[in-house]
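Everything below concerns the one structure shown next.
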Amino acid sequence: MKDDFFIEKAKKEMDTLMDEIVGFSRISLYRKTHFSPPVDIYEANNRFVIITDVAGIDKKQISITVSDDVLIIKGERQRSNAIEENLCYYHMEIEYGPFERRIRIPRNIDMENMDIVYDNGLLKIEIPLVTKQVRKIEID
């Protein structure tokens, strides 16, 4: 999972370099078929919050599951128009196809009271944090 991040980062840096050298990236029709949407993850007001940028994706096409201490967000962004071979694309940054994000979540959360809101292309997941009870043990 970590290696995928670094590979994608290197690809984006190469695209940026090509943009600077030639003025635009070479676009090919074999473009990757999956992507990883960006996320913001933070803690505020005793809640663990995840915000994912999934603009252009119908909320019915998004699934959220939890396995152990990993929250998994999956979906797919469909292309509204097919890439035509006779078109000359100068730049393509919008990513299409299936996606998946795996986010490690704290163990001290209340999964039963999770709030999920999808608004203007942003998926916001708020999970209350549970304060652990500290138990003092007396030594005999």
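The values are calculated or read from the model by the stated rules, or taken from the named source; none is laboratory data. Remember, it's a predicted structure, so these values are computed and weren't measured experimentally. Backbone-built Cβ (ideal geometry, glycine too); neighbour counts: all protein chains shown.
Selection of strands (runs of 3 or more DSSP E) fully inside segment 32-140 by the criterion of at least 1 residues being within 24 Å of Ile7 (Cα to Cα), in contact (Cβ under 8 Å) with a residue 60 or more places away in the chain and of a type in the set (Gly, Ala, Ser) returns 97-104. From the list Val70, Val39, Val22, Val54, the lone residue that is at pLDDT below 90 and among the aliphatic types (A, V, I, L, M) is Val22. Would you mind stating whether Lys124 is farther than 25 Å from Lys11 by Cα, among the charged types (D, E, K, R) and surrounded by fewer than 13 Cβ atoms within 10 Å (Cβ to Cβ)? It is false that Lys124 is farther than 25 Å from Lys11 by Cα, among the charged types (D, E, K, R) and surrounded by fewer than 13 Cβ atoms within 10 Å (Cβ to Cβ).
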